[in-house]
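Q: Once you've had a glance at the structure underneath, I'll fire off some questions.
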Amino acid sequence: MVVDGLGKRFDMAAPRINGALRDVIAGLFARLAGKKPDLDARSVWALRDVSFRATAGEVIGLVGGNGAGKSTLLKLLARITVPSEGQAVVSGRLGSLLEVGTGFHPDLTGRENIYLSGAFLGMRRQEVRRRFDEIVEFAGIGKFLDEPVKRYSSGMYVRLAFSVGIHLETEVLVVDEILAVGDAEFQRRCFDKVRSLRGTGGRTIFMVTHNLAALRQMCHRGLLLSHGKLLADGPIDQIIDRYLAQLARGASEDAVSTTSFDVLSATVTARSGPDDVIKTFDPVCMKVRVRARVPISEPGIKLTVLGADRIPLCAIDSRDFLKIGPVDSGGTFELSADIESLPLLPGGYQLRLALNGGESALDEDAPGSFAFDVVESAVYGGRFIDSSFGVFGLRSKVAVHQETS
Amino acid sequence: MLSRTVIRPGPRALSLSEIWAFRELLYFMVWRDLMLRYKQTLLGVLWALFQPTSGAIIFALVFARGIGPVGVPYPLFVYTGLLLWTMFARAVGEGSLSLNNGAHLIAKVYFPRIYLPMAVLVTSLVDFGVGALFLVVAMWFFHVAPTVAVLLALPAVVLTALCALGFEMWLSALGVRYRDVRYVLPFFLQAAMFLTPVLYPARTQLGWMASHGVPQWLLGLNPMVGALDLFRAALLPGFDVSIPVVATSVAMTAFLFVTGGWYFQRVESTLADVL
């Protein structure tokens, strides 16, 4: 696969999505009245000047924040949309699913859906039949094979969908859902399966997931995208580290903004001793100052502590504790949460903020995160501990009662 | 299988080989639609009969006297018309919304989009087949024996199918941009049924045209007039083919089909962006 200068532009001024004839007529009158539609000013490059080569058998992870262009790149490679410039040449058949379970119909049985999915990928019945047993076996749906998939548990549904996706000839695979719903045992089998496809020739698989730890396990190469540009291409570990460094830099900026709120500050401080030194089991205070950019009737703030690879460890949501009154546009408030004892073991952590607003669909994550460190200390009284102890400390009383032999 | 796919800007070139490569998708889409109808409804496949037969009974009760003798029992006459018209109307009605209804698929997986309207057409052809079996029963009941002219039914059905697909390609592609299609279509189809000689013989219009010096072929500009003309000549005694009408209808259908295909292909590659 050779990708050369691929780019995709979206024209905001083009006739509105699903517009009505009325709008077009209105537009005609506007033009007659001498108003020229302003085309260039409102076009947005979702992806620009992306070039790379990939050989069959590579498993490539796409890394980047929201709006970085990951899904646009996948859609272009999957031929779901057409590029605005550049080109990509793919040898071999190109079949692609952007989401496992595409084409599944809830009223059809598992068996029927397997064949239907195959047809959507351009496969013949014999080809599907050859893989059929493997698919069923891998999904572990056993006697539910001839039941409509609407009766499946969400875990079973996703298992079948992923199994179809990985066994049929799909080049592009998005694995977010499987990692969210599948159980640990099934996830492990997915990792093994993807790794077994690595380097065996045949297909190039692209993966996107917010679970960076999973990407490290499944991929060997990563592409870092930011604002539609390809920033880096290399071994997955390097790419993810670079992405994390980029996120941390973003966090050090003074104010972070989304469309509905600005985060003026977010801090985690110790309540005893010097306040910038946080030790395991210390009482701490998390403080956030937020300014609303739109009126919000019932704001709620969720604070999530993220560990390595941005895995959420624990969270609190203000709405479970109190009600914040309506806030006007420009209104500022500070939320503080006293935590009796911070159970985190020494290491680097990040605080992620999300604002929710009662009535509307307002639900936004602030970009980047606010980093804080838990310093090395004698957690259990004695020696220093390492990463083999995990991320959480356990306040414990340990006793022994020795029985004489 | 070694092939090369080039992804580049601009509308995709029409690739018949690709459409052929995906042919089983058509089979599965039709099979899915029929299977779902069969699974979810009590009467299942009998619903294919419901629309033309109930229509034939109602129209026979209401219109038979007003329209006067048509040469064969009116219920049989109107059933032949409704059978072909229902196939056309169902294909156009549902097919024109097929791209909108398939938006989730279009956004997530690549396949030749033409299969969405095409599957609707084939499903309505299957319904037509079931209805045609009932037609045999009705002809036996009314003691109308088919002649060798019955062979004309095949071109009639082909003409209807191509005409329906032509409309589907135009309207489904337009319907992605303009929601108006969804709202206007049912009205348009209903009006079209009354303007097309479905419930009454084409003779009524042709006779009027002859007496006013209007050339007959003009009636064929409505492509379904030619298709119905062929279909009735195939099945009912005393009905002849009007060559100028049918020829015009064939030309109109070809025009619709070619321009529809052109417009559909132009829009096809941008579908995922606008849906």
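Q: May I ask which of A:K70/A:K302; A:K8/A:K75; A:K302/A:K323; A:K8/A:K229 have a Cα-Cα span longer than 18 Å here?
A: On the way: A:K70/A:K302 26 Å; A:K8/A:K75 10 Å; A:K302/A:K323 13 Å; A:K8/A:K229 11 Å.
Distance filter (> 18 Å) returns A:K70/A:K302.
Q: Averaged over its residues, how many other protein chain Cβ atoms are within 10 Å of peptide A:113-121's Cβ atoms?
A: Per residue, the average neighbour count from other chains is 5.
Q: For the range B:101-226, what's the relative contact order in percent, using C-alpha pairs closer than 8 Å and at least 6 residues apart? Mind dumping the intermediate values first?
A: Values: 33 pairs, mean separation 29.4, N = 126.
That works out to 23 percent.
Q: Moving on to the next point. Mark the label point 7 Å from the Cα of A:H105 along Cα→Cβ and return the residues of the range B:81-113 whose backbone N is within less than 13 Å of it.
A: B:102
Q: Next up: Springs between alpha-carbon atoms under 10 Å, Gaussian network over chain B: tell me which of B:L152, B:L121, B:L42 tops the mean-square fluctuations.
A: Highest fluctuation of the listed residues: B:L42.
Q: Something else: Which whole-Hz couplings ³J(HN,Hα) result when phi for each residue of the range A:212-229 is put into the Karplus expression 6.51 cos²θ - 1.76 cosθ + 1.60, θ = phi - 60°, listed in order with x for Gly and Pro?
A: In residue order, the calculated couplings are 5, 4, 5, 4, 4, 6, 8, 9, 10, 9, x, 10, 9, 10, 8, 6, x, 10 Hz.
Q: Counting only other chains, what is the mean number of Cβ atoms within 10 angstrom of the Cβ of each residue in peptide B:23-30? Let's see the in-between values first.
A: Numbers: counts 3, 10, 8, 1, 3, 9, 4, 0.
Rounded to a whole number, the mean comes out at 5.
Q: Apply the Kirkwood formula to the range A:43-246: the hydrodynamic radius equals the inverse of the mean of 1/r over all pairs of different alpha-carbon atoms; give it in Å with one decimal. Before the final figure, lay out the partial values.
A: Values: mean 1/r = 0.0571 Å⁻¹.
Answer for the range A:43-246: a Kirkwood hydrodynamic radius of 17.5 Å.
Q: In debye, nearest 20: dipole of the range B:17-274 around its Cα centre with unit charges on the Cβ of K, R (+) and D, E (-)? Provide the component values of the computation, followed by the final result.
A: Working: 14 positive and 11 negative charges, 69 e Å.
Once rounded to the nearest 20, the dipole reads 340 debye.
Q: Against the empirical 2.2 N^0.38 Å scaling, what ratio does the C-alpha Rg of the range B:17-274 come to? Don't skip to the answer; put the middle values down first.
A: Working: Rg = 18.9 Å, N = 258, 2.2 N^0.38 = 18.1 Å.
Its radius of gyration relative to the 2.2 N^0.38 Å reference: 1.04.
Q: Moving to a separate point now. On average, how many beta carbons from a partner chain sit within 10 Å of the beta carbon of a residue in B:171-177? Don't skip to the answer; put the middle values down first.
A: Details: counts 0, 0, 0, 1, 1, 2, 9.
Counting other chains' Cβ atoms within 10 Å and averaging over B:171-177 gives 2.
Q: Right, something else. Once you charge only the Cβ atoms, +1 for Lys and Arg and -1 for Asp and Glu, what is the size of the charge dipole of the protein assembly as shown about its Cα centre, to the nearest 20 debye? Working shown, then result.
A: Numbers: 66 positive and 60 negative charges, 312 e Å.
Charge dipole of the protein assembly as shown: 1500 debye, to the nearest 20.
Q: So for the pair A:K143, A:S329, with labels modelled 7 Å out along Cα→Cβ, what separation do we get in nm?
A: 6.1 nm
Q: In the range B:17-274, if the dipole is taken from +1 on Lys/Arg beta carbons and -1 on Asp/Glu beta carbons about the Cα centre, which of B:S96, B:Q51, B:F128 is farthest to the positive end?
A: Projecting each Cα onto the dipole axis, the largest value belongs to B:Q51.
Q: Taking H as built 1.01 Å from N, whose amide H comes closer than 5 Å to the amide H of A:F261, not counting residues under 5 places away?
A: A:R293
Q: Pull up all non-local amide H partners of A:S96: gap of 5 or more, or a different chain, and H-to-H distance under 5 Å with H placed in the peptide plane.
A: A:E171, B:Y110
Q: Using Cα-Cα distances under 8 Å and only pairs 6 or more residues apart, what relative contact order does the range A:43-246 have, in percent? Don't skip to the end; give the middle numbers.
A: Values: 342 pairs, mean separation 71.5, N = 204.
Once divided by the residue count of the range A:43-246, the mean separation gives 35 percent.
Q: Over the Cα atoms of the protein assembly as shown, what radius of gyration and what Dmax do you get, in Å?
A: Calculated on Cα positions, Rg and Dmax stand at 32.4, 123 Å.
Q: Step through the residues of the range A:302-310 one at a time and calculate ³J(HN,Hα) from phi using the Karplus curve (6.51 cos²θ - 1.76 cosθ + 1.60, θ = phi - 60°), rounding each to whole Hz and writing x for Gly and Pro.
A: Result, ordered by residue: 10, 10, 10, 8, 10, x, 4, 6, 6 Hz.
Q: Remind me, relative contact order of chain B in percent, using alpha carbon pairs under 8 angstrom and six or more residues apart?
A: Values: 329 pairs, mean separation 69.7, N = 275.
Relative contact order, chain B: 25 percent.
Q: Given the options B:S54, B:S17, B:S249, which has the most mean-square fluctuation in a GNM of chain B, springs set between C-alpha atoms less than 10 angstrom apart?
A: B:S17
Q: For B:R179 and A:E376, what does the FRET efficiency come to when R0 = 60 Å and r is the distance between their Cβ atoms, rounded to the nearest 0.05?
A: Working: r = 62 Å, r/R0 = 1.04.
Taking R0 as 60 Å, the efficiency between B:R179 and A:E376 is 0.45.
Q: Another one. Would you list the membrane-span-like helices of chain B, meaning whole DSSP H runs whose alpha-carbon atoms span at least 27 Å along their axis and whose mean Kyte-Doolittle value is at least -1.0? Could the numbers behind the result be given before it?
A: On the way: long enough: B:47-67 (29 Å, 1.34); B:74-95 (30 Å, 0.86); B:115-141 (39 Å, 1.93); B:153-177 (36 Å, 1.55); B:243-268 (36 Å, 1.00).
Counting only whole DSSP H runs, the qualifying helices are B:47-67, B:74-95, B:115-141, B:153-177, B:243-268.
Q: Please compute the modelled spin-label separation between B:A210 and B:R37, points set 7 Å along Cα→Cβ, answer in nm with one decimal.
A: Distance between the two pseudo-spin positions: 3.9 nm.
Q: What distance in nm separates the two pseudo spin-label positions at B:A191 and A:R293, each 7 Å out from Cα along the beta-carbon direction?
A: Result for the modelled spin labels: 4.7 nm.
Q: Amide H to amide H, which residues 5 or more places from A:R221 or on other chains are under 5 Å from it, using H placed in the peptide plane?
A: Sorted by chain and number, the residues that satisfy this are A:V59, A:G61, A:I236.
Every number here is computed from the coordinates shown, using simple stated rules; none is lab data. Since we're looking at a predicted model, the values are computed, not measured. Methodologically, a virtual Cβ is constructed for each residue, glycine included, from the backbone with ideal geometry; neighbour enumeration extends over all protein chains shown.
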